Structure formats: C-alpha cells, structure tokens
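Trainee: Just passing along the structure, written as structure tokens.
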Amino acid sequence: PRAQRLRMAYCAADLNYVQFMKRFPGPRPDAAQVPYFWGGVASNWPAWQVPALAGILLADRVPVTWGLGFAGITYSLIQGRASWIAAGVAACAAVATFALPLKLNLLVAIAAAVAIGLVMERREARA
C-alpha cells in the first residue's frame with residue numbers, strides 16, 4: 001500500500017538501507033523484510049532525531065567560541081579502535097600545531113590522522 005511505502009520512505013536512512021541490503025540482497029519478497037526494516041528504524045531514527053532536537057534546543061546555549069559545530073558529526077563516525085586512535089592523533093596534532101597561520105593546524109591534523117590510519121590498516125592486513 002502507498003501509505004506504508006511513504007512511511008518507510010520517510011524513515012529509510014542510509015544506515016537502514018545498508019543493513020537491509022546486507023540482510024536481504026536479492027529482490028525476493030520475504031515476510032521478515034518489513035519487521036526487519038522497522039527494527040532498524042526503531043534504533044536508527046531516534047539516534048538521529050534526539051541529538052537533532054537537542055541541538056535545536058541547546059544551540060544558543062553553547063558558545064560559538066567552543067568550536068563544537070563539527071565535533072558531534074565526527075564523534076558519530078568514530079567506530080573501532082583504529083578510528084579512535086586516528087581521531088586521538090588528529091586531536092593531538094591539531095593542538096600541537098595550533099599556532100600555525102591560516103588554520104593550517106587542521107591540515108596537519110588531517111594528514112596525521114590519515115597517516116596513522118594507513119599504518120594501522122597495513123598492520124592489521126599483515127596480522
């Protein structure tokens with residue numbers, strides 16, 4: 001039915017789509033597809049909506065000088081040991097090179113994170 005497809009389209013986020021396609025790769029109808037989809041929505045949709053509402057309600061209470069605009073997005077992307085180490089190295093590099101002109105410390109942080117990420121990836125591939 002159209003109403004159900006519209007509700008599902010509204011709730012279909014990238015993470016839900018990826019997980020759904022991993023579980024049901026072929027275009028074969030399966031009775032478990034709709035409950036599986038709504039199970040993913042039950043965890044993913046609130047995980048996006050609650051922080052979004054918190055940001056809307058609290059945005060004027062956090063000083064812009066704190067520079068937290070990008071931090072929330074970054075935190076949500078960090079998964080696994082290698083990502084945490086790369087983020088830590090980037091943070092340390094950014095702070096250590098803060099005095100560079102033109103905010104070049106951010107470029108140094110990115111380069112440091114990519115470098116440590118590649119080293120860790122190579123090390124994991126050997127193991």
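The values are calculated or read from the model by the stated rules, or taken from the named source; none is laboratory data. Only a predicted model underlies this, so the values are computations on that prediction, with no experimental measurement involved. Ligands, DNA and RNA are stripped out before the accessible areas are found, and what is left, the full protein with its side chains, is counted by its heavy atoms. Shrake-Rupley method; radii C 1.70, N 1.55, O 1.52, S 1.80 Å.
Trainee: So if I restrict to the alpha-carbon atoms in region 1-65, what is the Rg, and what is Dmax, the biggest pairwise distance, in Å?
Mentor: 16.0, 53
Trainee: What does the accessible area of SER43 come to, in Å² to the nearest 10, when a probe of 1.4 Å is used?
Mentor: 80
Trainee: Run the numbers for ALA47 and ALA9: contour at 0.36 nm per residue of separation, minus the present Cα-Cα distance, in nm. Numbers along the way, then the final one.
Mentor: On the way: separation 38, 0.36 × 38 = 13.68 nm, distance 1.74 nm.
Extending this stretch completely gives an extra 11.9 nm.
Trainee: In addition: As a test question: what accessible area, to the nearest 10 Å², does VAL119 have when a 1.4 Å probe is rolled over all protein chains in place?
Mentor: For VAL119, solvent-accessible area is about 80 Å².
Trainee: Run the helix sum for the chain: -39,500 (n - 2.57) per DSSP H stretch of 4+ residues, divided by residue count, reported at 222 nm to the nearest 500 deg cm²/dmol. Provide the component values of the computation, followed by the final result.
Mentor: Values: 6 runs with 92 residues, N = 127.
That comes out to -24000 deg cm²/dmol.
Trainee: While we're here: Gain in length, ARG2 to GLU124, computed as 0.36 nm per residue apart minus the alpha-carbon separation, to one decimal in nm? Can you show the working numbers first?
Mentor: Values: separation 122, 0.36 × 122 = 43.92 nm, distance 4.71 nm.
Extra length from ARG2 to GLU124 when fully extended: 39.2 nm.
Trainee: Right, another one. What whole-number distance in Å separates the alpha-carbon centres of region 73-127 and region 43-62?
Mentor: 26
Trainee: Using 0.36 nm times the number of residues separating VAL34 and LEU58, minus their current alpha carbon distance, what extension gain do you get?
Mentor: Using 0.36 nm per residue and subtracting the Cα-Cα distance, I get 5.1 nm.
Trainee: Going from most exposed to least, what order do ILE110, ILE78 have by accessible area with a 1.4 Å probe? List each step's numbers first, then the result.
Mentor: Working: ILE110 105, ILE78 30 Å².
Ranked list, largest accessible area first: ILE110, ILE78.
Trainee: Would you be so kind as to identify all helices of the chain, as entire DSSP H runs, whose Cα atoms reach 30 Å or more along the helix's own axis and whose mean Kyte-Doolittle hydropathy is at least -0.5?
Mentor: Values: long enough: 33-58 (37 Å, 0.66); 104-126 (33 Å, 1.09).
Result, helices passing both filters: 33-58, 104-126.
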